[in-house]
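The values are calculated or read from the model by the stated rules, or taken from the named source; none is laboratory data. Predicted, not measured: the structure shown is a model, and the values here were computed from it. No Cβ is skipped: glycine too gets one built from the backbone with ideal geometry, and neighbour counts run over all protein chains shown. Accessible surface areas use protein heavy atoms only, side chains included; no ligands, DNA or RNA. Shrake-Rupley method; radii C 1.70, N 1.55, O 1.52, S 1.80 Å.
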Amino acid sequence: HHGKNSVHFKDFYGQFRFADRRADWLKHAQNGEMQVIICFDEATRQRVGYCISSLDHDLAGEIESIFVLPEYRGLGIGKELMRRTLQWLDEAGAAKVVVSVAAGNEQAFRFYEKFGFYPRRIMLEQITWGQTPSY
């Protein structure tokens, strides 16, 4: 998804595999708590969505990843995943909760705004792999 939508980081997202993301999430889990919610279609037992969130020792919560298969969007699955995730973070005492949105995925802002998330700052990252800087 991000590789398709990214303007400047297609190469990065093209090389970044789910196994890499999973390894990062497991590192976070070692330094705090993690919750994984998986949504299934009861009729087919197919996984149709998930939400992964973490809470570190400083009580900073993060929505690490949320995804719903395109054919299941618009049915309230993402809303329910977020509701359960935010409830878990609230009950665990999260002092703040953040979510990162990749550039090119700004349409996700509308979804997150429904839960009180708004852009606070924009982080720029230098492209360094496989390219020669021209400065």
| message | In Å², and per residue, what accessible area does the range 58-111 have when probed at 1.4 Å with the other protein chains present? | response | 59
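Taking a ≥ b ≥ c as the square roots of the eigenvalues of the Cα gyration tensor of the range 69-130, is the shape rounded (a/c under 1.5), prolate (a/b larger than b/c) or oblate?
oblate
Apply the a/c threshold of 1.5 to the C-alpha gyration tensor of the range 18-135 and tell me whether it is rounded, prolate or oblate.
On the way: a/c = 1.56, a/b = 1.32, b/c = 1.19.
In terms of gyration-tensor shape, prolate.
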| task | Report the relative contact order of the range 52-96, percent, no decimals, based on alpha-carbon pairs under 8 angstrom and at least 6 residues apart. | result | 46
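Within 12 Å, Cβ to Cβ, of residue 34, how many net charges do the neighbouring residues add up to if Lys/Arg are +1 and Asp/Glu are -1?
Numbers: positive: 22, 27; negative: 24, 33, 56, 62, 64.
Net of charged neighbours comes to -3.
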| message | Tell me the carbon and sulfur percent of the accessible area for the range 19-99, rounded to whole percent, probe radius 1.4 Å. | response | 48
| field | Segment residue 25-residue 113, extension gain: residue separation times 0.36 nm, minus the distance between their alpha carbons | value | 29.3 nm
